[in-house]
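Here is the structure we will look at.
Where a number appears in this text, it was derived from the coordinates with a stated rule and is not lab data. Here the structure is a predicted model, which is why all the values come from computation and not from measurement. FYI the Cβ positions are ideal-geometry reconstructions off the backbone, even for glycines, and counts take in every protein chain you see.
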């Protein structure tokens, strides 16, 4: 299993390299109360297998009974520790369902419309595990992690946030934008080589793909430290396979890091 501690250890190992680039989901508040957690032995599974789904009110729970993933009646899939939300799909559409598709993609569906996805299609037979270490992980049939709760693959949607340890990963897994604990947002190639950064050193900083189309790094006190200066409502942020970080409106790029081909 991939441990949240081991994931953080690997991320922290890149901090020194990140300094050369200027130094160095998604924990939203849920819209309803968390389920009561029973810490004693329970028959509730910790795994969502291929083809299985969670309808509103249904859940999975870690083997130790501490962490619960619930599909809420407001349409949001949320991972809780007690009554504290650790991760959410941020999909507030009533009567939505969380599905672990047989193609390996974890999807929140409203009616027949996908409103959130892990973007892990192609990992046929993958399953979702709620772990004792607070991590939420998708494993392929070789038990290799292909997604975990700090990871966004391909596209960071409008209104989405990257906090410390969160990653926006290119679909080919070669490039990633990582939000580091020192407040710097850094593009890293092959997990070790920094090629670009926002040069924002401020502990507790976080990045937001704003609904107005601007990608902004804020301090812990909500002071803007850096921005893409791109304003086009409804734009999204993409970590592309060529290493370019791009703000895109529809199919039109309106800002880019200029790191394509590095």
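For residue 251 and residue 92 in one chain, what is 0.36 nm times their gap in residues minus the Cα-Cα distance, to one decimal in nm?
Result for the pair: 54.7 nm of gain on full extension.
Calculate, for residue 193 and residue 132, the FRET efficiency according to 1/(1 + (r/R0)^6) with r their C-beta to C-beta distance and R0 41 Å; round to the nearest 0.05.
Efficiency, rounded to the nearest 0.05: 0.75.
Kirkwood hydrodynamic radius for the stretch 123-258: how many Å is it when counted over pairs of different Cα atoms?
Mean inverse Cα-Cα distance, inverted, gives 15.4 Å.
Could you please state, rounded to a whole Å, how far the C-alpha centre of the stretch 92-171 is from the C-alpha centre of the stretch 227-244?
21 Å
Quick check on packing: order 145-151, 168-174 by the mean number of other C-beta atoms within 10 Å, highest mean leading. Write out the running numbers ahead of the final one.
Numbers: 145-151: 21.7, 168-174: 17.0.
Packing order, densest peptide first, comes out as 145-151, 168-174.
Using only the Cα atoms of the stretch 52-189, what are the Rg and Dmax in Å?
14.7, 41
Which of the peptides 87-95, 105-113 is most tightly packed, and how do the rest follow, going by the mean number of other Cβ atoms within 10 Å of each residue?
Averaged packing, sorted descending, gives the order 87-95, 105-113.
When you take every Cα atom in the stretch 205-262, what is the radius of gyration, and what is Dmax, the widest Cα pair distance, in Å?
Rg then Dmax for the stretch 205-262, in Å: 11.6, 36.
With a Förster radius of 41 Å, plug the Cβ-Cβ distance of residue 229 and residue 64 into 1/(1 + (r/R0)^6) and report the FRET value to the nearest 0.05. Could the numbers behind the result be given before it?
On the way: r = 46 Å, r/R0 = 1.13.
Calculated transfer efficiency: 0.30.
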